[in-house]
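Worksheet: the structure to be examined is printed underneath.
The values are calculated or read from the model by the stated rules, or taken from the named source; none is laboratory data. All values reported here derive from a predicted model rather than from experimental measurement. Cβ atoms come from the backbone with ideal geometry, glycine included; neighbour counts cover every protein chain shown.
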Amino acid sequence: MKEMLCESVFFGVMVSILMYELGIFLKKKFRLALFNPLLVSVIAVMGVLLVFQVDYDAYYEGAQYLSYLLTPATVCLAVPLYEQIGLLKKHSRAIAGGILSGVLTSLVSILAMSAAFGLSHEEYVTLLPKSITTAIGMGISEELGGMVTITVAVIVITGVLGNMIAETVCRLFRIEEPVARGIAIGSAAHAIGTAKAMELGEVEGAMSSLSIAVAGLVTVAAASLFAGFL
Amino acid sequence: MKYVRQFLIILLVTFLGEICRYLLPLPVPASIYGLLLLLAGLLTGVVKLEQVKDVSRFLIEIMPLMFIPASVGLLESWGALSGIFAKVLVITAVSTVLVMGVSGLVTQWIIRAERRKGK
């Protein structure tokens, strides 16, 4: 069985989508934020790999074709953004203010907690780009001398967490304007959060997409400044 | 044929993004260049909405699936992460909630302030 699974071309993609469907089923059935389809699918796929002793590399050999589509899919985020361009122009000041305050909050909070927990400079710069999209975050971590594999892991954890808690946080902080909800989710949880914002509504999705690009670019400039603080 | 043409246009823009990534010495990924290029194309009318709409919708809908392989990859980086995992998790959770709250509230506050001023 193990050999067959390791050699299968389609196992990786199939099991990923199957477990995502399981996540959707559980979420519908129990209506709990914990049963986030992405979180369920990731844990379930990990479980399958461990039980059948399939190497991650063997799984990824097939599953890479899902990741392959991520770049063109990110490019496509321009479409909902274009459809909401009127809103973007109308609220440009609010959007710019929201994203900038989000980037600043991210860097300041990581600096403060890294200092409080006594993290080393290397660990601190590894965490700095955690709220932005992986491709930009990896570059920043590498440039500042962080541990890139851990940065990727932290970015993914941030995204999945942001995807899970987005609705609850918006309710708790009484963030009701769709534009503000999109900016909040995209600034905090990049593309993985944006997947959730898309479910909440077209405006949320478009604004979240915009935040991925803007927050990412602003962080490039601001992170190197912040790296000097610890 | 409609879908083939749409997919081609999207891949063309993605490829242009890769060229920008190759030529420009900035830490910006091809996907972000591509997003900005496609937006510019749509705004200037070089690309029509109908020429990319259906395939875009499909790719965006299945986007969450594309994060599964990298997330399962946490299995691989567990060795490097396990030592500082508790601290990392606390920092990540607190900072993610703060960023979401602050950026959302600031945006909402400015929108509502402008709306009041407009009336």
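Per-structure values
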{"item": "Every residue from the range A:124-139 that is in contact with a helix residue (DSSP H, G or I) (Cβ under 7 Å, 6 or more places away or on another chain), closer than 22 Å to A:Leu210 by Cβ and surrounded by fewer than 24 Cβ atoms within 10 Å (Cβ to Cβ)", "result": "A:Thr134, A:Ala135, A:Met138"}
{"item": "Which numbered condition B:Tyr22 misses (of (1) surrounded by fewer than 18 Cβ atoms within 10 Å (Cβ to Cβ); (2) of a type in the set (Ser, Thr, Tyr); (3) at the interface with chain A (Cβ under 9 Å from one of its Cβ atoms))", "result": "(3)"}
{"item": "Close pairs from the range B:84-95: first closer than 13 Å to A:Glu123 by Cβ and modelled with pLDDT of 95 or more, partner in a helix (DSSP H, G or I) and among the small types (Gly, Ala, Ser), Cβ under 9 Å, at least 6 apart", "result": "B:Ile91/A:Ser109; B:Ile91/A:Ser114"}
{"item": "Qualifying residues in the range B:102-119 (those that are more than 7 Å from every other protein chain (Cβ to nearest Cβ) and of a type outside the set (D, E, K, R)) - the one surrounded by the fewest Cβ atoms within 10 Å (Cβ to Cβ)", "result": "B:Gly118"}
{"item": "Of residues in the range A:27-38 being under 15 Å from A:Asn163 (Cβ atoms) and free of Cβ contacts under 8 Å to residues at least 24 places away in the same chain, the one surrounded by the most Cβ atoms within 10 Å (Cβ to Cβ)", "result": "A:Pro37"}
{"item": "Qualifying helices (runs of 4 or more DSSP H) (wholly inside the range B:50-102; at least 1 residues being over 22 Å from the mean Cα position of the chain (by Cα) and at negative phi)", "result": "B:74-81"}
{"item": "Residue list for the range B:54-83, filter: surrounded by fewer than 22 Cβ atoms within 10 Å (Cβ to Cβ), more than 7 Å from every other protein chain (Cβ to nearest Cβ) and either touching a residue at least 24 places away in the same chain (Cβ under 8 Å) or charged (D, E, K, R) (or both)", "result": "B:Asp54, B:Arg57, B:Glu61"}
{"item": "Within the range B:85-101, considering residues that are under 22 Å from A:Lys196 (Cβ atoms), of a type in the set (Val, Ile, Thr) and out of contact with any Leu (no Cβ under 8 Å at 6 or more places or on another chain), the one nearest to the other protein chains (Cβ to nearest Cβ)", "result": "B:Val99"}
{"item": "Members of the range A:1-20 that are surrounded by 13 or more Cβ atoms within 10 Å (Cβ to Cβ) and either closer than 25 Å to A:Ala166 by Cβ or among the hydrophobic types (A, V, I, L, M, F, W, C) (or both)", "result": "A:Leu5, A:Cys6, A:Phe11, A:Val13, A:Met14, A:Val15, A:Ser16, A:Ile17, A:Leu18, A:Met19, A:Tyr20"}
{"item": "Residues of the range B:25-53 satisfying the condition of being facing another protein chain (nearest Cβ under 9 Å), small (Gly, Ala, Ser) and farther than 14 Å from A:Thr74 by Cα", "result": "B:Ala40, B:Gly41"}
{"item": "Residue within the range A:167-185 that is touching a residue at least 12 places away in the same chain (Cβ under 8 Å), closer than 26 Å to B:Ser82 by Cβ and more than 9 Å from every other protein chain (Cβ to nearest Cβ) present", "result": "no"}
{"item": "Qualifying position, being part of a loop (DSSP other than H, G, I, E, B) and either out of contact with any strand residue (DSSP E or B) (no Cβ under 7 Å at 6 or more places or on another chain) or hydroxyl-bearing (Ser, Thr, Tyr) (or both), among A:Ile132, A:Ile99", "result": "A:Ile132"}
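Residues are listed down the side, and each one gets a yes or a no for (1) among the β-branched types (Val, Ile, Thr); (2) in a helix (DSSP H, G or I):
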residue	(1), (2)
A:Val15	yes, yes
A:Phe35	no, no
A:Leu38	no, yes
A:Ser41	no, yes
A:Met46	no, yes
A:Asp57	no, yes
